[in-house]
Amino acid sequence: MTEQQKSIIKTLREQNFSYNAIAKAMGVTVATVKSYCQRAGLAGNRKEAFKSQSDTPLELPTFCRCCGKQLIQREKVKHRKFCSDACRVTWWNAHPELVKRRNPHTVKCLCCGKEFTYFGIKQHKFCTHECYIKHRYEGVTCDTETV
Ligand SMILES: [Zn+2]
Ligand SMILES: [Zn+2]
């Protein structure tokens, strides 16, 4: 966890947000928030305090996952996680293992027509390198493909 993240957690705990809410806002696990709070003396029954404060929940601020800058969420706009495209790219580049688990795509191999699944942003058209070669150099194309 970065110093920036720690200070965000501290700020949110001071505003009586629950571990859950903080984890959600920051894109980290509840366990991460909890263990930091326990170490930093921010644990306790804040959740109760939060609950009893009012009927309308406090508006939870969200922060750029990359640089920690507070984000302004506009209603009816997809929930933003980064302040800018630059931050989004930087963050995903720093977390390739998360990219892999995201964006699963199931597509048909352009060569043999077999369905296969790939992960990540990079587009795949062939199930194997072999199929790519066959398609590229021998012109083998899946005949079930509709144009
Ligand atoms: Zn940012
Ligand atoms: Zn194939």
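Under 7 Å by Cβ, and 6 or more places apart or on different chains, what pairs join a residue from the stretch 1-22 that is crowded, with 22+ Cβ neighbours inside 10 Å with one that is of a type in the set (S, T, Y)?
What qualifies is I9/Y36.
Read through the list (1) open to solvent by 70 Å² or more (accessible area, probe 1.4 Å); (2) of a type in the set (S, T, N, Q); (3) modelled with pLDDT under 85, then give the number of the only condition that S54 fails.
(1)
Restricting attention to the stretch 23-36, and to residues there that are β-branched (V, I, T) and within 19 Å of C67 (Cα to Cα), which single residue is surrounded by the fewest Cβ atoms within 10 Å (Cβ to Cβ)?
It comes out as T29.
Determine which member of the set K34, K6, K10 is more than 23 Å from R80 (Cα to Cα) and modelled with pLDDT of 85 or more.
Criteria check complete, one pass: K34.
Each row is one residue, and each column tells you yes or no for (1) loosely packed, with under 10 Cβ neighbours inside 10 Å; (2) within 8 Å of ligand 2 (Cβ to nearest atom); (3) under 30 Å from W91 (Cα atoms); (4) over 33 Å from the mean Cα position of the chain (by Cα).
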{"position": "V107", "(1), (2), (3), (4)": "no, no, yes, no"}
{"position": "K114", "(1), (2), (3), (4)": "no, yes, no, no"}
{"position": "Q123", "(1), (2), (3), (4)": "yes, no, yes, no"}
{"position": "H129", "(1), (2), (3), (4)": "yes, no, yes, no"}
{"position": "Y137", "(1), (2), (3), (4)": "yes, no, no, yes"}
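Would you mind telling me which numbered condition in (1) modelled with pLDDT under 90; (2) in a loop (DSSP other than H, G, I, E, B) N93 fails?
Going through the list (1) modelled with pLDDT under 90; (2) in a loop (DSSP other than H, G, I, E, B), N93 breaks only (2).
With respect to A49, is the statement that it is modelled with pLDDT under 85 and either at negative phi or among the polar types (S, T, N, Q) (or both) true?
Working: modelled with pLDDT under 85: yes; either at negative phi or among the polar types (S, T, N, Q) (or both): yes.
Taking the combined requirement at face value, the residue satisfies it.
Given the conditions (1) modelled with pLDDT of 85 or more; (2) open to solvent by less than 60 Å² (accessible area, probe 1.4 Å); (3) not hydrophobic (A, V, I, L, M, F, W, C), and given that D85 satisfies all but one, which numbered condition is not satisfied?
If we test D85 against (1) modelled with pLDDT of 85 or more; (2) open to solvent by less than 60 Å² (accessible area, probe 1.4 Å); (3) not hydrophobic (A, V, I, L, M, F, W, C), just (2) comes out false.
What are the residues in the stretch 2-29 that are aliphatic (A, V, I, L, M) and under 22 Å from R88 (Cα atoms), if any? Full working, then the answer.
We begin by selecting, within the stretch 2-29, every residue aliphatic (A, V, I, L, M); these are 8-9, 12, 21-23, 25-26, 28.
Once the filter is applied, which keeps residues that are aliphatic (A, V, I, L, M) and under 22 Å from R88 (Cα atoms), the stretch 2-29 yields I8, I9, A21, I22, A23, A25, M26, V28.
The values are calculated or read from the model by the stated rules, or taken from the named source; none is laboratory data. Every value quoted in this text rests on a predicted model; they were computed, and no experiment measured them. In this analysis, Cβ positions are derived from the backbone assuming ideal geometry, glycine residues included, and neighbour counts consider all displayed protein chains. We work out accessible area using only protein heavy atoms, side chains counted, and drop any ligands, DNA or RNA first. Shrake-Rupley method; radii C 1.70, N 1.55, O 1.52, S 1.80 Å.
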